[in-house]
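Quick note: the coordinates plus some simple rules give every number you see, no bench work behind them. This is a predicted model, so every value here is computed, not measured. Backbone-built Cβ (ideal geometry, glycine too); neighbour counts: all protein chains shown.
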Amino acid sequence: MNIILNKKIITTFIIIPIIIIVTISFSLYLTTGDQQRDIIQDLRFIRDNTQGLIKNTERTIGVPLDAKISDNNFQVEEYIVGLNTPTSIKFLENNILILEKNTGKVRLIKNGILQSSPILDVAVSYHNEQGLLGIAVIKPHVFLYYTESDKDGGESIGNHIYKYDWIDEKLTNPKLIAKLPSKSLWHNGGKLASNMDGDLFAVIGDQTPTGSTLDKYRVLQNTPQGDIDDTSAIFKIDTEGKILQPMLSENPTENYYAIGIRNSFGLAIDPITGNLWDTENGMTNYDEINLVEPKFNSGWVQIMGPASEDQITSLPSFENFIYSDPEFSWERPTVPTDLIFPTSTQFEKYHNTLFVADCLGNIYKFTLNSDRTGFVLQTPHLTDLTANMIIDDNGNQVLEPLDEILFGTGFGCITDLEFGPDGFLYVSSLSENTIYKIGPT
């Protein structure tokens, strides 16, 4: 029996992947441009469609989870496997809605079981950072942010936000409420958040490929040239008003809650203060966590991370938007994504904490100060609120130790954090195609 099982494991995990990799590598060698992009996408689909089987096999034979929690009072389990590039999750009563980035499908978990048929399927352009990206709930409505196309994988029409009615476990009566640009495969943002007053917030990145020269950026990225084009911004959206498209309005900037954002995969509302927070991704250095006050200027393309006096002085003035330093920075990018304030009874010890995830598999815990506008850290090298680069004993450049702020590791590329009605923390992983569940031991 063990011999048969070992042969199956070798075939599933070694021989088949080698054949696939060799075949696709040869295909990539023979093609260029869009053909290469399509082949890489096909490879991702193969991975996504087999990952659930692999994970189930691993658990059956006793392979331990990579995901770990540093606090021994909590444990993690795989809740749902076999998804396809999940980006965002949201609870509606005891149901969970899951967005799949590349398929454009909204999946439903009912009574702990992933339903076989999606409750909605929209056509998306899914290349690189495009796709079905964000969800928010303001009952009885559900809001979706996605890169719309006339067919899955087709050319982008735009990054659009739709409002749906939630009736009998179905999303019906779609209404377009915001039209944002999609001029690039990169930096489409896509996160949505809502506050206690029923306000909806959305974020979009700079829509500019990494490594672009300074003349390719525009005024909303703090340069003197270019037009107002609805990029690098956080919007506060009137969900009952006209379709939002600020650059075509008489006074575009009144629609911007914040500007100067390179790209973001995370928005959160503090349930105690009502303050908005975001994460922001740097280019080659300095990722950020920001408290986002109204009319906040995050500083990109001139500033990432803590600014010097010269940088602040030279930052172009743009109407009444005000720059402030991030509340925390990583000198080496870790790709921070979602963030959330724990409020459940099960996480009572973390009620004065902000959880932040990243795309390297980590969940961080930041203790808030008394007015919940910043962090209080005890480790001496973190009291400057920056994870700096240092030289280790082997002469390598590494980030300073982050033990104080690490809550979890090994989750893959985390895209969403959400507390359920049961008080447990649910974690969506894009790379693992899995929803994890964290709760007390």
Practice task
Check cross-link reach from LYS216 to the aspartates and glutamates: straight Cα distance under 12 Å, and skip same-chain residues fewer than eight apart.
Solution key: ASP206, ASP227
Completion exercise
dims of the chain, Cα set, principal axes, largest to smallest, nearest Å -> 72, 53, 50
Exercise for the section: Exposed loop trypsin sites (Lys or Arg not before Pro) only (DSSP loop, at most 11 other Cβ atoms within 10 Å): please give the longest stretch of the chain free of them, not including the sites. Expected result: 243-441
Problem - Positive-pole candidate from GLY205, ASN95, LEU185, dipole of segment 90-242, charges at beta carbon - result: ASN95
Problem - Selected from GLU77, GLU404, GLU309 as most flexible by GNM, with the chain as the system and alpha-carbon contacts under 10 Å - result: GLU309
Practice task
Quick one: dipole size for the chain, taken about the Cα centre, charges +1 on Lys/Arg Cβ and -1 on Asp/Glu Cβ, in debye to the nearest 20.
Solution key: 1480 debye
Exercise for the section: Give me the lysines in straight-line cross-link reach of LYS110: C-alpha distance below 26 Å, same-chain residues under 8 apart excluded. Expected result: LYS55, LYS90, LYS101, LYS139, LYS163, LYS170, LYS175, LYS191, LYS437
Fill in the blank from the handout: Expressed in angstrom and rounded, the centroid-to-centroid distance over alpha carbons for segment 281-328 and segment 129-146 is 27 Å
Fill in the blank from the handout: Once the dipole of segment 256-389 is set up from charges on Cβ (+1 Lys and Arg, -1 Asp and Glu), the residue from the list SER314, THR279, SER324 lying farthest towards its positive end is THR279
Problem - Antiparallel DSSP beta bridges within the chain, percent to nearest 5 - result: 95 percent
Problem - Helix-only CD estimate at 222 nm, as mean residue ellipticity for the chain, using -39500 (n - 2.57) per DSSP H run (n ≥ 4) - result: -4500 deg cm²/dmol
